[in-house]
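Reading through the structure tokens given below for one structure.
Quick note: the coordinates plus some simple rules give every number you see, no bench work behind them. Source: prediction; values computed, not measured. For neighbour counting, all protein chains shown are included, and Cβ atoms are generated from backbone atoms with ideal geometry for every residue, glycine included.
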Amino acid sequence: MFIMSKRALLTILTVAVAVTSAPAAFDNPKAKKPPRAKPHRRSAGESLPPLPLPATPLRRSERKRQPAPPALIGMVTFTDSRFVMRDGKRVRAQQFPTTQIDVERLTNYANYRLGIRYRYVATTLKSFSWDPVELPLLYITGWTPMPRLSDEEIAGLRRYIYDGGTLFVHAQCGRAEFTDTARREISRLFPDRQLAPVDTDSPLFRSYFRITTMRVRRSDEPFVTRDPYIEAVYVGCRPAVIFSPIDLNCGWDVARYPIKGGILYHQDDALALGVNIITATLANLKYARAFATEKIYHQQSEKTRDQLVIGQIVHNGDWDPTPHALPNLLKYTAANTTLNVQFKRAKVSLTDDAAFDHVALYMTGLRDFKFSKVELARLRTYLSSGGMLVVDAAAGRKAFDVAFRRELKRVLPKAELKPIALRSPLYQTPFRIRTVDYTDAAKAAQPKLNAPTLLGVYIDGSLAVIYSPYSLSNGWEQIPYAYNVGYSDADALRLGVNIFAYAVTH
């Protein structure tokens, strides 16, 4: 199952926000469990110089600092505090209490399962350098309202994420007080990007453990088994902000000790998902750092004069997961064909008349999307008027594949996607293509795959839609992405050149 059913999603979200009691009324037992003492070792006994008799020679043992492994996770703490009255005494209390119980257990378990040696450290947004090389993963958790971040902190955190860092936000006990305010801060970070449920074919559910279901417990009610549920904001093809509105409980035995007023994943399931998050973060580091290098269209502002300009459709899903793809493809096209290429990408809305200025429109995505009635009608008119639509599923994601096939049926109800035969002119020029190579992720599922997998829709005998369920655009980007289910870089570029050359000449 690649997309969570609406009923299951609504049930989980309803449960996740059902707890609305005031923060002061909630007593979090996880906060009472102290972190484990840091390990230390003692040196062997060392003799003191001989002392005059009758003194007895002494031996002493000394603590020696354990070599520190590299830091992977930075647990964010907020230093603001205030004085409150407790038991008749005026004491200082944190404005935003947090715990180390989950990140401590997860770090130790991930080290054991993955055969790595990392640690977590405490940090603050005021002292952090915003360098993802220093801390690839930032972790925020709590059960009271999350503090409102300053504009400077928002800007620094946004820069950290764009530079390759990952932010993991976790609602302890699924408390709505934290969940609502965390969503507010995430929306301030990325107002133009979706925080949305992660589809069940995501690497977050299969990077180490294959997770198909998770057990959830609300208060002391029996566990309920559901589809795994977390949310994410994507930068490129990686989940750059990961948010769990349900307690991703790694350090508390909720099976034996339920938490009244809380909603928590079973500890075993939470640990498995946590290891997957760490695995995906580590696997994506090289991709994330390379992705941060911006591609510049040096002819972006110039007028178009009988040149090939590719228009990319903006839709209500993750419409731009591979922004570096088209400039690389255009460069490769200019070097290998006689096409008059302009190094320019036009963002196109289907509701805009400018869409009809392009002989071909390109579209990609990661997750579910849906066309409006106006977009459906305009795209139908565009295709019926001789325009061509080129589409690929970024990273080969099944959620987008399912959504595109569904939306295409709404645009052209009688159309049928069929394999484009190898004898098609599309595979003849400028490159003669008979076999192609796929990424390791694609070959893991289909070891014998060696022919291009392009599907098409014909209108009045002409090819109007070209669709690849395997990613082309990740190969065009030429940025190593471990979870790309698609064509190799070289063959993705060759196919891309042939596709748009065909669009121009036919």
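So, in nm, how far is label S462 from label D268 when the simple model puts each one 7 Å beyond its Cα toward the Cβ?
That separation, rounded to one decimal, is 6.0 nm.
Please give the contour-minus-distance gain from Y257 to T225: 0.36 nm per residue of separation, less the Cα-Cα distance, rounded to one decimal in nm.
Computed gain between Y257 and T225 is 9.7 nm.
Based on the alpha-carbon gyration tensor of region 163-281 and its eigenvalue square roots a ≥ b ≥ c, which shape applies: rounded if a/c is under 1.5, prolate if not and a/b is larger than b/c, or oblate?
Values: a/c = 2.18, a/b = 1.36, b/c = 1.59.
Oblate.
If amide H atoms are built 1.01 Å from N in the plane of the peptide, which residues on other chains or at least 5 residues away come under 5 Å of the amide H of G262?
S219
Shape of region 297-505 from its Cα gyration tensor (a ≥ b ≥ c, root eigenvalues): rounded if a/c is under 1.5, otherwise prolate when a/b > b/c, or oblate? Please report the intermediate quantities before stating the final value.
Numbers: a/c = 1.31, a/b = 1.11, b/c = 1.19.
Rounded, since a/c falls under 1.5.
Enter the Cα centre distance for the pair region 173-191 and region 476-506, rounded to the nearest angstrom.
Cα centres, region 173-191 to region 476-506: 38 Å.
In whole Hz and in residue order, list the ³J(HN,Hα) couplings for region 358-374 that follow from phi through the Karplus curve 6.51 cos²θ - 1.76 cosθ + 1.60, θ = phi - 60°; x for Gly and Pro.
Going residue by residue, I get 10, 6, 9, 10, 10, 8, 8, x, 10, 10, 4, 8, 8, 6, 6, 4, 5 Hz, with x marking Gly and Pro.
Spin-label point model (7 Å from Cα, Cβ direction): what's the D151 to N108 distance in nm?
4.5
Under 8 Å for C-alpha pairs, at least 6 residues apart: give me the relative contact order for region 297-505, rounded to a whole percent. Kindly include the intermediate steps, with their values, before the conclusion.
Details: 394 pairs, mean separation 48.5, N = 209.
Averaging sequence separation for qualifying contacts and normalising by length gives 23 percent for region 297-505.
For region 343-464, what value does the Rg/Rh ratio take when both radii are computed over Cα atoms and Rh is the Kirkwood radius, given to two decimals?
Values: Rg = 15.6 Å, Rh = 16.1 Å.
We get a ratio of 0.97 for region 343-464.
By a straight-distance test (C-alpha under 17 Å), which aspartates and glutamates pair with K126 as possible cross-link partners, with residues fewer than eight away in the same chain excluded?
Partners found: D80, E134, D151, E152, E153, E185.
How do 367-380, 418-431, 481-494, 324-337 rank on mean C-beta neighbours within 10 Å, highest first? Spell out each step's value before the answer.
Working: 367-380: 16.8, 418-431: 14.4, 481-494: 23.1, 324-337: 20.1.
Listed from highest to lowest mean packing, they are 481-494, 324-337, 367-380, 418-431.
Compute the distance from the alpha-carbon center of region 348-419 to that of region 263-279, in whole Å.
37
Given a cut-off of under 8 Å on Cα pairs at least six residues apart, what relative contact order in percent is computed for region 421-506?
Values: 111 pairs, mean separation 28.6, N = 86.
In percent, rounded to a whole number, it is 33.
How high is the relative contact order of region 172-233, in percent, counting Cα pairs under 8 Å that sit 6 or more residues apart?
On the way: 47 pairs, mean separation 20.5, N = 62.
It comes to 33 percent, rounded to a whole number.
Would you mind checking K260/K370; K286/K443; K286/K418; K418/K448 for any pair whose Cα atoms are more than 29 angstrom apart? Display every interim value, and only then the final one.
On the way: K260/K370 40 Å; K286/K443 21 Å; K286/K418 37 Å; K418/K448 20 Å.
Over 29 Å Cα-Cα: K260/K370; K286/K418.
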